[in-house]
Structure formats: structure tokens, C-alpha cells
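The values are calculated or read from the model by the stated rules, or taken from the named source; none is laboratory data. These numbers were taken from a predicted model, which means no experiment stands behind them. Note that each Cβ is placed from the backbone with ideal geometry, even for glycine, and that neighbours are counted across all protein chains shown.
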Amino acid sequence: ILSHYAYVRKSNYLLPELVLPLLVDAVAGRSFIDPEIEARVVEVSARDAQDPLALLEPHEQQVVRMLAQGLTNEQIAER
């Protein structure tokens, strides 16, 4: 029932004392995120903000570097 409203790792069990508060939050339109998942999201977001290229796949990074060197789309396609 709460799968659309709560993000909890599968290895965690939902503690009985959390069921009612989670239901109340779900009815109110709020959601719950496991604190460990939330911390990881914040960590990854901060890293990505420092290095936006980290969001790209290696091949995409190569294309961006070639564009920065001034190569045209045709020149990049030939490589």
C-alpha cells in the first residue's frame, strides 16, 4: 500500500510504530524517504554539482570534449 508514498530499502523492515504515521502522511499527500537513501541522494547530488560531466556516459563526455575543442558535428561523427 505504501510503496508509492514511502521509499524504504528492501533490507529494512517497516517498524510497526511507523505504519500509522506513514499512512497519515500518505493521506496528506506527503511521502517518506529512508534516511539512508536520502543521505545517498544528497551525496550524489553534491558530487554531480561539482562535476557536471560525471552525469554523462564516457562516450558522451568524449563528444562534449570534442565540441569544446571546436569540432563540428560532422567531424565528431567521423571519429
**Study point:** Top-ranked residue in segment 41-61 [being surrounded by fewer than 11 Cβ atoms within 10 Å (Cβ to Cβ) and among the charged types (D, E, K, R); ranked as farthest from Arg79 (Cα to Cα)]
**Key:** Glu43
Revision key, fill the gap. The condition from (1) among the basic types (Lys, Arg); (2) within 14 Å of the chain's Cα centre (by Cα); (3) at pLDDT below 80 that Arg9 misses is numbered (2)
Point to revise | Boolean, Val41 is more than 15 Å from the chain's Cα centre (by Cα) and either β-branched (Val, Ile, Thr) or in a strand (DSSP E or B) (or both) | key: no
